[in-house]
């Protein structure tokens, strides 16, 4: 019985880190223990993807705030409203995608959730840097705004950001 509980605990720990798509900041492949918020929003982001894959507008709608919008790098000044975002998401749902490198920043009833989203449909995978703003609505979280920009080789550096090869894990004070 004791061995079973130890094995179950190890599997839960490994599964949680894997599900959250976390990688050690040193790049050596060790697992990072995801926070409660990362686990919560990994679950919500996966529910979003699953609703799209099932073409379930009702399930997707339950995750989105009434005033939800998407802002993309291609047209930053032209938001896509909730109804159109749902319609477009369900028009050609992605069958294979993954979320990696998630970070969650908590600001009371607002959460900023950033991650690398890779769509594996088609000839070549496409990756996007996504920042979802979630706001508390009663006992639930609703996505309020999604900001997304494509990423890849040759993309220009954001002014003020450190090149990935020069980054190091910095302790927050």
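The values are calculated or read from the model by the stated rules, or taken from the named source; none is laboratory data. Just so it is clear, the model here is predicted, and its values are computed rather than measured. Don't worry about glycine lacking a Cβ; one is built from the backbone with ideal geometry, like all the others, and counts go over all protein chains shown.
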Out of the stretch 98-115, which residues are touching a residue at least 40 places away in the same chain (Cβ under 8 Å) and surrounded by fewer than 19 Cβ atoms within 10 Å (Cβ to Cβ)? 98, 100, 101, 103, 106
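One line per residue, one yes/no per condition, for (1) surrounded by 12 or more Cβ atoms within 10 Å (Cβ to Cβ); (2) under 24 Å from residue 111 (Cβ atoms); (3) free of Cβ contacts under 8 Å to residues at least 12 places away in the same chain:
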residue	(1), (2), (3)
50	yes, yes, yes
55	yes, no, no
58	no, yes, yes
61	yes, yes, no
68	yes, yes, no
71	yes, yes, no
78	no, no, yes
86	yes, yes, no
91	no, no, yes
Among the numbered criteria (1) assigned to a strand (DSSP E or B); (2) modelled with pLDDT under 95; (3) under 21 Å from residue 38 (Cα atoms), which single criterion is violated by residue 173? (1)
Whether any residue in the stretch 69-84 is closer than 20 Å to residue 36 by Cα and in contact with a strand residue (DSSP E or B) (Cβ under 7 Å, 6 or more places away or on another chain) is what I want to check. no
Residue 121 fails exactly one of (1) under 23 Å from residue 56 (Cβ atoms); (2) within 12 Å of the chain's Cα centre (by Cα), namely (2)
Among the residues of the stretch 134-145, is any within 18 Å of the chain's Cα centre (by Cα), more than 19 Å from residue 57 (Cα to Cα) and modelled with pLDDT of 95 or more? yes
